[in-house]
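Just below is one structure, and these are the notes that go with it.
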Amino acid sequence: MNAIVVHEFGAPEVMKLEDAPQPKPGPGQLLIHVRAAGVNPADTYMRSGNYARKPALPYTPGNDGSGVVESVGPNVAGWKAGDRVYLSGSVTGTYAEYAIVAANDAHPLPDRISFSQGAALHIPYATAYRALFQVGKSKANEWVLVHGASGGVGLAAVQFAHALGMRVIGTAGTDRGRELVTREGADFVLDHKAADFAAQIGKITDGHGPDIIIEMLANINLGNDLKMLAPHGRVVIVGSRGDVQITPRDLMQREGAIYAVMLWNVPAEEMSQIHAAIHAGMMNESLNPVIGKELPLADAAQAHKEVMEPGAYGKIVLIP
């Protein structure tokens, strides 16, 4: 089978397309015929070797994906060959034609959701739900500001917040991205590069400020987030690419809070809740992953470059 294999940590080019043996499922495992693999920033950090979780070399990247159950290992109930699934983890990596997954990392994929959309579910939607509800304690009618709303996590947050009845402000750096965020349910969409960005937020919220801010790039935005936050507001950090300096008094004046999320830390019971919410959203059609680009598996290096570029538009997926 075709698979991307990393033999050394480094730049995107360390990922090589190779002919690898097709794996076989063990007890409690499924063999998945992968139809699409999701590309996430975390994949790039892991490939570079600059990540808290460093896999043993050589390895095949990818935790997100979707496909069809090819075969079922011993001691597995509830799955059969031919079932459509999306994945929330992989034993052998999803950047491949076939992948081994633990049975509890496979989730039903409704017929209306394409395989590419299925590959865009786990990390973006689980992160958004975790940030908004389990950590951020969001409520209907609150103001939420989603920074970087045109990317995978941002769009998921917009869709979840809109479905709950929150008042949604999204930001994006391009006209195309802002049009997308509007289409996906944001009440207001702003250019976060605008000089009067904070003033626009104040005007929209009538001076109240966002009750919760979902922050994708804390090293750039966190200091300004604290200055516009509502009383008792919360900033939930989803992403950061460096250090940041803040003024604690900005937080003290509002009795606000800064939280952060990392999916690896989510307890099993709370992760089960997340996937129940994702399934419900797919079934009632409030959740609809947006695919910005599909690339062949051989272009994994290009996908890793593009996922880190500004101007995000939906999700990048690889097609084995």
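The values are calculated or read from the model by the stated rules, or taken from the named source; none is laboratory data. Since we're looking at a predicted model, the values are computed, not measured. For neighbour counting, all protein chains shown are included, and Cβ atoms are generated from backbone atoms with ideal geometry for every residue, glycine included.
At a glance:
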item	result
Filter result (in a strand (DSSP E or B), in contact with a helix residue (DSSP H, G or I) (Cβ under 7 Å, 6 or more places away or on another chain) and under 23 Å from A172 (Cβ atoms)) within segment 102-144	V144
Residue that is surrounded by the fewest Cβ atoms within 10 Å (Cβ to Cβ), among those in segment 300-320 that are among the charged types (D, E, K, R) and outside any strand (DSSP E or B)	E309
Unique residue being assigned by TED's automatic domain parsing to the domain that holds A298, under 30 Å from M216 (Cα atoms) and surrounded by 15 or more Cβ atoms within 10 Å (Cβ to Cβ) when the list is A56, A36	A36
Filter result (under 15 Å from the mean Cα position of the chain (by Cα), touching a residue at least 60 places away in the same chain (Cβ under 8 Å) and outside any loop (DSSP other than H, G, I, E, B)) within segment 37-58	A37, G38, P41, A42, D43, T44
Condition check for V290: closer than 27 Å to A163 by Cα and in contact with a Lys or Arg (Cβ under 7 Å, 6 or more places away or on another chain)	yes
Condition met for A20 (buried (at least 16 other Cβ atoms within 10 Å of the Cβ), in contact (Cβ under 8 Å) with a residue 60 or more places away in the chain and within 28 Å of M216 (Cα to Cα))	no
Test: G148 is within 18 Å of the chain's Cα centre (by Cα) and in a loop (DSSP other than H, G, I, E, B)	yes
Filter pass, G281 being under 18 Å from the mean Cα position of the chain (by Cα) and modelled with pLDDT under 95	no
Positions within segment 68-81 being in contact with a strand residue (DSSP E or B) (Cβ under 6 Å, 6 or more places away or on another chain) and either closer than 27 Å to N265 by Cβ or part of a loop (DSSP other than H, G, I, E, B) (or both), in sequence order	G73, W79, A81
